[in-house]
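Shown next, in structure tokens, is the structure this report addresses.
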Amino acid sequence: MTPMMLQYFDIKDQYKDYILFYRLGDFYEMFFEDAQIVSAELDLTLTGRDCGEKERAPMCGIPFHSCEPYIGKLIEKGYKVAICEQVE
């Protein structure tokens, strides 16, 4: 598993009941079940990302500068959202 995915899982373990918006560059990306939920709820394209495993991780993403409407819609639908910013 890639170092990025190890960090993702470490943070996700702390926020199991939240959809995790994980910042990578200019995007917030969601993975696995979070990606499937966000893709379905917000009509976003579900893609995949290499994660160091045999299968690609389900993924969807949104530009960080336009995240507020997406987060608002998820909250309106009853979801909790956690945001992980990139610090390096």
Which ones in region 60-82 are surrounded by 15 or more Cβ atoms within 10 Å (Cβ to Cβ), out of contact with any helix residue (DSSP H, G or I) (no Cβ under 8 Å at 6 or more places or on another chain) and in a strand (DSSP E or B)? G61
Sole exception among (1) free of Cβ contacts under 8 Å to residues at least 24 places away in the same chain; (2) in contact with a strand residue (DSSP E or B) (Cβ under 7 Å, 6 or more places away or on another chain); (3) assigned to a helix (DSSP H, G or I); (4) of a type in the set (G, A, S) for A40, by number: (2)
Looking across region 8-32 at residues that are charged (D, E, K, R) and under 9 Å from the mean Cα position of the chain (by Cα), the single one that is surrounded by the fewest Cβ atoms within 10 Å (Cβ to Cβ) is R23
Taking region 33-50, which residues are in contact with a Pro (Cβ under 7 Å, 6 or more places away or on another chain) and either surrounded by fewer than 17 Cβ atoms within 10 Å (Cβ to Cβ) or not small (G, A, S) (or both)? Q36, L46, G48
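Computed from the coordinates by the stated procedures, all read-outs in this text should not be read as laboratory data. From a predicted model like this one, the values you see are computed outputs, not experimental measurements. Heads up, the Cβs are rebuilt from the backbone with ideal geometry, glycines too, and the neighbour counts pull from every protein chain shown.
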